[in-house]
Amino acid sequence: MTLFKFLISSIAISSRAILAQAKVTQDDFTGIGHILVLNSSDYRTASPKQIVGCLDDSGQIMQEKSLDDCGTFARLNEYPYTLSSKAGNCSFNDKNTAANTDSYYGKNDHAWSCNATYIANIYDELYTITGFNYPFLCWGDIACYYDAKTIPSHSDDKIALWQYRWGSMQMDITPGHVMLQLMWNKTGDLPKREDVDVAPGPRMELKGESQAVLLQGQQVSS
Ligand SMILES: *[C@@H]1O[C@H](CO)[C@@H](O)[C@H](O)[C@H]1NC(C)=O
Ligand SMILES: *[C@@H]1O[C@H](CO)[C@@H](O)[C@H](O)[C@H]1NC(C)=O
Ligand SMILES: *[C@@H]1O[C@H](CO)[C@@H](O)[C@H](O)[C@H]1NC(C)=O
Ligand SMILES: *[C@@H]1O[C@H](CO)[C@@H](O)[C@H](O)[C@H]1NC(C)=O
């Protein structure tokens, strides 16, 4: 999947289009912050009006009554640039979390979680894309959408967050599930260091509709 990112990157850099005001830069997804959950199936029109929750420290979706109740995440400013909360390093890799059994392609996917004993690697990295209107978080092969059974409707609901996958046998979100996006809400910086690396997002920038097709999520070939 990293390979795919780099392939995209090498074709995407051409003329610098008229980037309208205050588009996302890589610096917008750094430091410490909350992860907001949007009910959205289109990054082009998604906005904070669609916030339906946030992620808690364990990585599950909860209602967002006040940002203070949401989980607090930190993004490493060095390799592998992954997220952690006070519960530990976050990934889709913990086989103890719920699997997306309703999904044709996601049956073996496990929910995102933050785990005290997990050592994160570069495949766990979430990243944003320069040119987005807001700092939406993508994963893997430019997969910028996520899948959940439902949206939290009670204050004690904790809902599993999965990757969104589609393909010829399931062209859209898992039937009955909701398609989501994640958005970084930066609240602070990490303690300053001398030698800060630039986090490797995909080296692509959005320059209009032509790239929309690249951002439809993870198509699974079958
Ligand atoms: C999520 O968005 C869809 C499409 O806009 C809408 O039909 C649905 O009611 C929304 N669900 C919630 C719980 O906001
Ligand atoms: C963390 O992951 C390990 C290994 O998969 C597992 O044994 C443990 O139960 C997990 N801890 C939590 C809090 O989920
Ligand atoms: C979390 O992952 C980072 C990056 O791999 C690693 O340096 C750190 O030791 C991990 N933390 C724990 C508690 O395993
Ligand atoms: C993001 O966090 C700031 C506080 O740092 C807050 O003022 C702002 O409203 C938050 N944005 C959203 C969309 O919730």
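Taking only segment 121-136 into account, find how many residues are surrounded by fewer than 16 Cβ atoms within 10 Å (Cβ to Cβ) and touching a helix residue (DSSP H, G or I) at 6+ places or on another chain (Cβ under 9 Å).
Final tally of qualifying residues: 2.
With the condition kept exactly as written, say whether any residue in segment 112-120 is buried (at least 22 other Cβ atoms within 10 Å of the Cβ), in contact with a strand residue (DSSP E or B) (Cβ under 8 Å, 6 or more places away or on another chain) and either within 21 Å of ASN39 (Cβ to Cβ) or among the aliphatic types (A, V, I, L, M) (or both).
yes
Taking segment 154-185 as the search range and keeping residues that are over 12 Å from the mean Cα position of the chain (by Cα) and free of Cβ contacts under 8 Å to residues at least 60 places away in the same chain, which one is nearest to SER41 (Cα to Cα)?
The selected residue is ASP172.
From the list SER41, SER14, SER10, which one is at pLDDT 95 or above and either closer than 25 Å to ASP141 by Cβ or among the polar types (S, T, N, Q) (or both)? Step through it out loud before you land on a result.
Values: SER14 fails: at pLDDT 95 or above; SER10 fails: at pLDDT 95 or above.
The unique qualifying residue is SER41.
Could you check ALA98 against (1) among the aliphatic types (A, V, I, L, M); (2) surrounded by fewer than 18 Cβ atoms within 10 Å (Cβ to Cβ); (3) touching a helix residue (DSSP H, G or I) at 6+ places or on another chain (Cβ under 7 Å) and say which number it fails?
Of the numbered conditions (1) among the aliphatic types (A, V, I, L, M); (2) surrounded by fewer than 18 Cβ atoms within 10 Å (Cβ to Cβ); (3) touching a helix residue (DSSP H, G or I) at 6+ places or on another chain (Cβ under 7 Å), the odd one out for ALA98 is (3).
ALA74 passes all but one of (1) crowded, with 20+ Cβ neighbours inside 10 Å; (2) not in a loop (DSSP other than H, G, I, E, B); which number fails?
All conditions are met except number (1).
Within segment 55-84, restricting attention to residues that are in contact (Cβ under 8 Å) with a residue 60 or more places away in the chain and within 16 Å of ligand 1 (Cβ to nearest atom), which residue is farthest from LEU206 (Cα to Cα)?
Residue satisfying both the conditions and the ranking: LYS65.
When the residues of segment 71-105 are filtered to those that are of a type in the set (A, V, I, L, M, F, W, C) and either within 16 Å of the chain's Cα centre (by Cα) or at pLDDT below 95 (or both), which remaining residue is nearest to ligand 3 (Cβ to nearest atom)?
LEU76
Is it the case that segment 48-58 has a residue that's more than 16 Å from ligand 4 (Cβ to nearest atom) and either β-branched (Val, Ile, Thr) or over 17 Å from HIS154 (Cα atoms) (or both)?
So far as segment 48-58 goes, yes, one or more of its residues are more than 16 Å from ligand 4 (Cβ to nearest atom) and either β-branched (Val, Ile, Thr) or over 17 Å from HIS154 (Cα atoms) (or both).
Which one of TYR104, TYR118, TYR134, TYR123 is among the aromatic types (Phe, Trp, Tyr), within 20 Å of GLN170 (Cα to Cα), more than 16 Å from ligand 1 (Cβ to nearest atom) and not in a strand (DSSP E or B)?
The unique qualifying residue is TYR104.
Taking the stated definitions as given, is SER153 of a type outside the set (Phe, Trp, Tyr), surrounded by fewer than 18 Cβ atoms within 10 Å (Cβ to Cβ) and either modelled with pLDDT of 75 or more or farther than 26 Å from LYS95 by Cα (or both)?
On the way: of a type outside the set (Phe, Trp, Tyr): yes; surrounded by fewer than 18 Cβ atoms within 10 Å (Cβ to Cβ): yes; either modelled with pLDDT of 75 or more or farther than 26 Å from LYS95 by Cα (or both): yes.
For SER153, the condition - of a type outside the set (Phe, Trp, Tyr), surrounded by fewer than 18 Cβ atoms within 10 Å (Cβ to Cβ) and either modelled with pLDDT of 75 or more or farther than 26 Å from LYS95 by Cα (or both) - is met.
Picking from ALA99, ALA22, which residue would you name as being within 16 Å of ligand 4 (Cβ to nearest atom) and among the small types (Gly, Ala, Ser)?
Among ALA99, ALA22, only ALA22 is within 16 Å of ligand 4 (Cβ to nearest atom) and among the small types (Gly, Ala, Ser).
Which one of these does TYR118 not meet: (1) in contact with a His (Cβ under 9 Å, 6 or more places away or on another chain); (2) within 16 Å of ligand 2 (Cβ to nearest atom)?
(1)
Determine the pairs where a residue that is in contact (Cβ under 8 Å) with a residue 40 or more places away in the chain, located within segment 85-107, has a partner that is within 16 Å of ligand 1 (Cβ to nearest atom) with Cβ atoms under 6 Å apart, the partner being 6 or more residues away or on another chain.
ASP102/THR174; SER103/THR174
The values are calculated or read from the model by the stated rules, or taken from the named source; none is laboratory data. All values derive from a computational prediction rather than experimental measurement. Backbone-built Cβ (ideal geometry, glycine too); neighbour counts: all protein chains shown.
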